[in-house]
Amino acid sequence: MAQKRRKDLMEKRRQQRITLLCIAGGIGAVLLSVLICLIVFDIRLPGDEEAAPEQTAIPYDASLPFSPSDLTGEQLQQLRTQGSLRLSDGPRGISVGDSLDLLLTRYPSSFTQKQADSDQTGEQSDEEIILYCADYFENQNGVMTALPPRGLLSVDTGKIIVTLLAPTSAYPAGTLDNYGSYEHVYCRYTIDPDTMTISSIVLGIDQ
């Protein structure tokens, strides 16, 4: 009798193990199926969403020149009271420490090289590149001049300077020589030639 009971007990335990293995196998199959579905159909679990790409405060179009729309209302107000602002984070997501190459990707450019003697605008150093401009004309003094909105790249006292200049409102039709009598905003980037990175950003207004 004792031997029969022992045999029955062992048989019962064996059946229990088989049942547990079947249950575990079923759960494993379900989990595997769920995992395959997640991979194949790119289903994301809660809390696993990708971070949204970082965006600058003001949307911009890199094919358009710098303009007052690249500035916040607060910045414009400060410029009108202070004249200029030194920034660590400038327009179009460009910050101190960023490369010159990155800066140039945020604005249009045609890279027109100007001669040092007769073709310079008279407002920058002898080494000057016009990145973009609304027009290029000879003023009444015979000096070739880039009409804003414009971007100039120049070398001054060993530093590379990128100056972006734009009127705060559209010029009257036919404006050329007298553009300087209108209000403009500018953004001036100073680039360290050793690292080719931006060392300072200054916003300003000419009233």
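The values are calculated or read from the model by the stated rules, or taken from the named source; none is laboratory data. Fair warning: this is a prediction, and the values are worked out from it, not measured in the lab. Cβ placement follows ideal geometry from the backbone for every residue including glycine, while neighbour counts extend to all protein chains displayed. What goes into the accessible areas is simple: the full protein's heavy atoms, side chains included, and nothing from ligands, DNA or RNA. Shrake-Rupley method; radii C 1.70, N 1.55, O 1.52, S 1.80 Å.
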Result for region 155-207: accessible area per residue, probe 1.4 angstrom, in square angstrom, of 47
Pro91 neighbourhood, Cβ < 13 Å, K/R = +1, D/E = -1, net charge -1
Ranking Thr105, Thr197 from most to least accessible area with a 1.4 Å probe gives Thr105, Thr197
Taking only protein heavy atoms and a 1.4 Å probe, the highest-to-lowest accessible-area order of Tyr107, Tyr136, Tyr171 is Tyr136, Tyr171, Tyr107
Carbon and sulfur atoms account, in whole percent of the 1.4 Å probe accessible area of region 124-183, for 50
